[in-house]
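The structure appears below as structure tokens.
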Amino acid sequence: MASLRGKTLFITGASRGIGKAIGIAAAREGANVVVAAKSKVKNPKLPGTIHSAAQEIEAAGGRALAVECDVREEAQVQAAVAAAVERFGGIDVLVNNASAIWLAGTLATPMKRYDLMHQVNARGTFLCSQTCIPHLARASNPHILNLAPPLSLKPRWFAQHVAYTMAKYGMSMCVLGMAEELREQGIAVNALWPRTVIATAALNLLGGEETARHGRTPEIVADAAVAILKRPARECTANFFIDEDVLRSEGVSDFARYAYAPGETLMDDFFLD
């Protein structure tokens, strides 16, 4: 299994939540982490900035570069990738974590919310991948990892929030297509999704603290991500991984330490039967 020591990870939406947790977990392995996100200054409604995340990553043992980057803006993505390459000499891993969510039916979804989700989720993932691929092609064990669910055409996953599902499945379809497209180049493209709800700021749309009590911390997704990214790229592509399954395959059987509120019943995440 490959090591992440000295490898450079470009992580979108890494100022908080799952993205930051992946950055910290990779830093413990000795990785360089590019924190690419919009949050440059403190927001009273959301924790963390690119700079505070970079400090935590460096405290965990890695090197960090904080780059202000809106994944909707092509010029910003190109500038962020160029800065990463200039600082660390290349990019070994792209983690498409940035995501927008709006859980509502058709009539209750303003078009600005529809556009935001598709621009960040589907288009942002495609753009970041497109920009990083030339650099990944020069890496020794290149990976693209999208925080995206397994694809399903069951109506239940569309009926309540069709706009969000379409946008999120756009990230999943990037995995399906790019994995095959990039197979001969040896660039792994995989998806990772949590078994349970994860206690992040996004849960403010799902009941906040009460819902979080029935979830796990972002660290379970981060540990699963690191395990995937250490695998040989040519032998590990086109997978729709579930965090718990990945860790079980690594020999983990006790998940109690990941519980947000120990002893509470866990709630399954979206898109999982």
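The values are calculated or read from the model by the stated rules, or taken from the named source; none is laboratory data. Keep in mind that this is a model prediction, so the values were computed, not measured. Note: ideal-geometry Cβ built from the backbone for every residue, glycine included; neighbour counts use all protein chains shown. Just so you know, the surface numbers come from the protein's heavy atoms only, side chains and all, with ligands and any DNA or RNA stripped out. Shrake-Rupley method; radii C 1.70, N 1.55, O 1.52, S 1.80 Å.
A few comments on the model shown:
- Judged by the gyration tensor of its Cα atoms, with axes a ≥ b ≥ c, the range 47-88 is oblate; a/c meets the 1.5 cut and b/c is at least as large as a/b.
- Global geometry of the range 114-168, whether rounded, prolate or oblate, following the gyration tensor of its Cα atoms and the 1.5 cut on a/c: oblate
- Among G170, G23, G105: highest mean-square fluctuation, GNM of the chain, C-alpha pairs under 10 Å: G105
- The range 125-273 shape via C-alpha gyration tensor axes, a/c threshold 1.5: oblate
- Using a simple spin-label model with pseudo-atoms 7 Å out from Cα toward Cβ, E210 and M173 lie 3.6 nm apart.
- 1.4 Å probe accessible area per residue over the chain, in Å²: 45 Å²
- In the chain, the calculated helix contribution to ellipticity at 222 nm averages -11000 deg cm²/dmol per residue, counting -39,500 (n - 2.57) for every DSSP H run with n ≥ 4.
- Spin-label model, A108/A82: points 7 Å from Cα along the beta carbon direction are separated by 4.4 nm.
- Carbon plus sulfur fraction of accessible area for the range 1-87, probe 1.4 Å, in percent: 48 percent
- Of D273, D223, the order by accessible heavy-atom surface (1.4 Å probe, DNA, RNA and ligands excluded), from most exposed downward, is D273, D223.
- Probe 1.4 Å - accessible area at V189, Å² to nearest ten: 0 Å²
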